[in-house]
1. Identify, from the list 217, 273, the residue that is outside the structural domain of residue 145 (by TED's automatic domain parsing), at pLDDT below 95, out of contact with any Ser or Thr (no Cβ under 6 Å at 6 or more places or on another chain) and among the charged types (D, E, K, R).
2. Check off (1) more than 10 Å from the ligand (Cβ to nearest atom); (2) under 17 Å from residue 44 (Cα atoms) for residue 120 and give me the number that stays unchecked.
3. Does residue 247 satisfy the criteria of being open to solvent by 70 Å² or more (accessible area, probe 1.4 Å), within 30 Å of residue 153 (Cα to Cα) and modelled with pLDDT of 85 or more?
4. For region 198-250, which positions are farther than 30 Å from residue 115 by Cα and not in a helix (DSSP H, G or I)?
5. Filtering region 252-270 down to residues that are out of contact with any Leu (no Cβ under 9 Å at 6 or more places or on another chain) and among the aliphatic types (A, V, I, L, M), which residue is least open to solvent (accessible area, probe 1.4 Å)?
6. Condition (residue is more than 9 Å from the ligand (Cβ to nearest atom), in contact with a helix residue (DSSP H, G or I) (Cβ under 7 Å, 6 or more places away or on another chain) and open to solvent by less than 40 Å² (accessible area, probe 1.4 Å)) applied to region 100-109: is it met by at least one residue?
7. Under the condition of being surrounded by 15 or more Cβ atoms within 10 Å (Cβ to Cβ) and assigned to a helix (DSSP H, G or I), which residue from region 51-70 is nearest to the ligand (Cβ to nearest atom)?
8. Anything in region 214-244 that is among the aliphatic types (A, V, I, L, M) and exposed (fewer than 10 other Cβ atoms within 10 Å of the Cβ)? List them, or say none.
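The values are calculated or read from the model by the stated rules, or taken from the named source; none is laboratory data. Everything numeric here is computed off the predicted structure, so don't read it as measured data. Ideal geometry is used to build each Cβ from the backbone, glycine not excepted, and the neighbour counts take in all protein chains shown. When the accessible area is computed, the model is the full protein with side chains, heavy atoms only, and any ligands, DNA or RNA have been set aside. Shrake-Rupley method; radii C 1.70, N 1.55, O 1.52, S 1.80 Å.
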Amino acid sequence: MMSAPDAVNEPTFLFNRLALIGVGLIGGSIARAARALGLVQTIVATSRSESTRQRIAELALADQVVDTAAAAVADADLVIVSVPIGACGAVAHEIGPHLKPGAILSDVGSVKRDVIRAMAPHVPRGVHFIPGHPVAGTEHSGPDAGFAELFVNRWCILTPPKDADHAAIGRLSRFWEAFGANVEIMSAEHHDLVLAVTSHVPHLIAYTIVGTAFDLRLVTESEILKYSAGGFRDFTRIAASDPTMWRDIFLHNKDAVLEVLGRFNEDLATLTRAVRHGDGDTLYNLFAERRAIRRGMIHLDLGKPAPDFQSPESKPRRDPLPRPYAASGED
Ligand code: NAP
């Protein structure tokens, strides 16, 4: 006699068909995490170049690797565009007519307002366009650089339009949360200003300071490497980031970056003056104030446990919805 099917062991997917347009560090990490957690039934991927498409297939990052973005999105219920910011508009133009009604279209671009301006006109009615930005990365690029844990305990910012469908926002949020990310929703303009302060201008400073250190030629390269404490080492790591990505960020977040840079230059001028005039009071007060800011920030660290990224092939599939956070260490 046959017993009734065990509903608990039936796989439940957040999305049936995930299409990844662009599979580098970010797209490759999404593919690995989605697969390891069993969040989607099928992953279809594409990339601009034949060599990257071949590498995606070799790394088995997707169930299907197709030649064009238009082919990748056919019948997909979640499409994530992970290409340089400057290429997002052209990709949206290509895929727009092929998107399935009811599908969610998202991206991962580090700047939001300009990406939305470039993509939105190509999104057909009935498709939910919910732009996103996982605030996570490394200085490495390409499909080999991705890893499933990249988004654990990092923020993923979604910048949906005001009239966006709440259910679609919820589904996309759960997708990112399942990766161990914390989801925040804000306007594209606010995102761009926040990121200018926390990421874009600091990167500009890193690029500058690394150039200054090496251009000065007062110290040797090996001395810089030997004696650089953590701070400078981090600057050199940041300066090793992908030049295409950073060029696009500064081209597309110009207004916010210029606003923050203006304030930064004023503050730097104050510090420069204090150093030049030996103004210890100003220096001490400023450093003490900044230390208090830093100390006040520490309690904001979230420290959530990581999801279980053990390959789904090596464990029974379970519903990923109710338990992604709690999975760490349980299996
Ligand atoms: P990546 O590792 O360099 O991968 C880029 C992907 O985009 C590859 O599939 C590449 O295809 C494709 N691509 C490059 N130029 C293209 C073009 N002109 N048209 C169509 N496709 C193109 O880049 P990534 O670091 O994953 O970054 C992708 C996106 O994520 C960017 O928008 C970036 O702002 C955002 N992001 C990056 C980070 C980070 O730290 N890296 C963090 C958060 C968000 P081929 O290899 O076939 O040429």
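1. On the way: 273 fails: at pLDDT below 95.
Going through 217, 273 in turn, just one is outside the structural domain of residue 145 (by TED's automatic domain parsing), at pLDDT below 95, out of contact with any Ser or Thr (no Cβ under 6 Å at 6 or more places or on another chain) and among the charged types (D, E, K, R): 217.
2. Of (1) more than 10 Å from the ligand (Cβ to nearest atom); (2) under 17 Å from residue 44 (Cα atoms), only one is false for residue 120: (2).
3. Working: open to solvent by 70 Å² or more (accessible area, probe 1.4 Å): yes; within 30 Å of residue 153 (Cα to Cα): yes; modelled with pLDDT of 85 or more: yes.
So residue 247 passes the test.
4. Step one: list which residues in region 198-250 are farther than 30 Å from residue 115 by Cα, which gives 212-233.
If the condition is that a residue be farther than 30 Å from residue 115 by Cα and not in a helix (DSSP H, G or I), then 217, 218, 219, 220, 228, 229 are the ones that fit.
5. For region 252-270, the residue satisfying everything is 269.
6. Of region 100-109, the ones more than 9 Å from the ligand (Cβ to nearest atom) are 100-106.
Right, trim to in contact with a helix residue (DSSP H, G or I) (Cβ under 7 Å, 6 or more places away or on another chain) and you get 104, 106.
Pick out the ones that are also open to solvent by less than 40 Å² (accessible area, probe 1.4 Å) and you get 104, 106.
Yes, that holds for at least one residue.
7. 52
8. To start, the set of residues in region 214-244 that are among the aliphatic types (A, V, I, L, M) comprises 216, 218-219, 224-225, 229, 238-240.
Matches in region 214-244: 216, 218, 229.
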